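Here is the structure we will look at, set down as structure tokens.
Quick note: the coordinates plus some simple rules give every number you see, no bench work behind them. For clarity, every value in this text was computed on a predicted model and none was experimentally measured. Here Cβ is always computed from backbone atoms with ideal geometry, including for glycine, and neighbour counts include all displayed protein chains.
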Amino acid sequence: MKNTKYKRIMLKLSGESLAGENGYGIDFNVTKRVAEEIKEIVDMGIEVGAVVGGGNIWRGRQGQDMDRTTADYMGMLATCINAMALQDSLESIGVYTRVQTAIEMKQIAEPFIRRRAMRHLEKGRVVIFGAGTGNPYFSTDTTAALRAAEIEADVILLAKKVDGVYDKDPHKFADAVKFDNLNYMDVLEKGLQVMDSTATSLCMDNEIPILVFGLDAPGNIRKAVLGEKIGTLVSK
Ligand code: UDP
């Protein structure tokens, strides 16, 4: 095994990142590229858990005239569609995977069982966690934090469209400054766009570092696990 900074990681992919340029749905060129990058680190001996969002298909807050819980359950189902797409792309290049869902759908995925997830990881299988936490009013960022704590991941790799955390929106402000390091309190107090506050607090309480980085630049997942300086590291 290579000399990597992390042994077991939790990769969080937003739904938006899977949509590619389309902004909606799944771009299989993206899932294939991400799968290749995941394969690279699996081949290095890294154990990989992954949480996928659902925003490319449905977010609970889109259902303004709907019952909130129904809208959120629709969002959780959207994450399962993405999980299966990522699984397919990984399997097509020979990476062993399991999808585990927080809402039972046993014809298509295993239910989330922590000990089983740990065993899969130890055997080198990528475990993709679908259906969020299984509860409305939560997000897939919180899912990533929760599952990271449960599987004892060394870090959450938070793949984004932007290449780190800035003091203001870099798409709107040319003078936006990128942070190399932050602590959890900075994120919460300054209201920085890293994760929602529930997810950030969970990481803070359990001392799980979060590396925010851009998914668009190829090779970043490998660089992240090797400890190369990319993105923004949020830690104690
Ligand atoms: N969701 C939920 N509980 C969870 C995780 C997700 O209710 O534990 C719902 C929620 O409606 C959310 C949607 O699923 O808007 C999609 O997840 P998210 O918005 O986190 O996806 P992302 O922004 O990462 O694509």
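Among the residues of region 94-116, are any within 11 Å of the ligand (Cβ to nearest atom), assigned to a loop (DSSP other than H, G, I, E, B) and touching a Pro at 6+ places or on another chain (Cβ under 9 Å)? Scanning region 94-116 turns up at least one residue that is within 11 Å of the ligand (Cβ to nearest atom), assigned to a loop (DSSP other than H, G, I, E, B) and touching a Pro at 6+ places or on another chain (Cβ under 9 Å).
What about Val212, is it under 18 Å from Leu146 (Cα atoms), assigned to a loop (DSSP other than H, G, I, E, B) and of a type in the set (A, V, I, L, M)?
Numbers: under 18 Å from Leu146 (Cα atoms): yes; assigned to a loop (DSSP other than H, G, I, E, B): no; of a type in the set (A, V, I, L, M): yes.
Considered against the rule, which asks whether it is under 18 Å from Leu146 (Cα atoms), assigned to a loop (DSSP other than H, G, I, E, B) and of a type in the set (A, V, I, L, M), Val212 comes out as no.
Scanning region 19-36 for residues that are on the phi > 0 side of the Ramachandran plot and in contact with a helix residue (DSSP H, G or I) (Cβ under 7 Å, 6 or more places away or on another chain) yields a total of 1. Just one of the numbered conditions (1) touching a helix residue (DSSP H, G or I) at 6+ places or on another chain (Cβ under 7 Å); (2) of a type in the set (S, T, N, Q); (3) assigned to a loop (DSSP other than H, G, I, E, B) is not true of Gln193: (1). Residues that are in contact with a Gly (Cβ under 6 Å, 6 or more places away or on another chain) and part of a strand (DSSP E or B) within region 215-236 comprise just one, Thr232. When the residues of region 69-91 are filtered to those that are polar (S, T, N, Q) and over 23 Å from Asn22 (Cα atoms), the one that is nearest to the ligand (Cβ to nearest atom) is Thr69. On inspection, Arg114 passes the criterion of being over 16 Å from Arg222 (Cα atoms), among the basic types (Lys, Arg) and more than 17 Å from the chain's Cα centre (by Cα).
Please verify whether Gly134 is within 14 Å of the ligand (Cβ to nearest atom), in contact (Cβ under 8 Å) with a residue 24 or more places away in the chain and in contact with a strand residue (DSSP E or B) (Cβ under 9 Å, 6 or more places away or on another chain), treating the condition exactly as stated. Spelling it out, Gly134 is indeed within 14 Å of the ligand (Cβ to nearest atom), in contact (Cβ under 8 Å) with a residue 24 or more places away in the chain and in contact with a strand residue (DSSP E or B) (Cβ under 9 Å, 6 or more places away or on another chain). For region 30-68, which positions are outside any helix (DSSP H, G or I), more than 15 Å from the ligand (Cβ to nearest atom) and not acidic (Asp, Glu)? Of everything in region 30-68, those that are outside any helix (DSSP H, G or I), more than 15 Å from the ligand (Cβ to nearest atom) and not acidic (Asp, Glu) turn out to be Met44, Gly45, Ile46, Val48, Gly49.
In the list Glu16, Glu21, which residue meets the criterion of being acidic (Asp, Glu), farther than 22 Å from Ala102 by Cα and out of contact with any strand residue (DSSP E or B) (no Cβ under 7 Å at 6 or more places or on another chain)? Walk me through it before giving the result.
Values: Glu16 fails: farther than 22 Å from Ala102 by Cα.
Only one candidate qualifies: Glu21.
For region 171-201, residues that are surrounded by fewer than 19 Cβ atoms within 10 Å (Cβ to Cβ) and either at positive phi or of a type outside the set (Phe, Trp, Tyr) (or both) total 21.
Count of region 43-73 residues, restricted to those that are more than 14 Å from Pro136 (Cα to Cα), surrounded by fewer than 19 Cβ atoms within 10 Å (Cβ to Cβ) and touching a residue at least 24 places away in the same chain (Cβ under 8 Å), is 2.
Residues of region 175-190 that are assigned to a loop (DSSP other than H, G, I, E, B) and touching a strand residue (DSSP E or B) at 6+ places or on another chain (Cβ under 7 Å): Ala176, Val177, Asp180.
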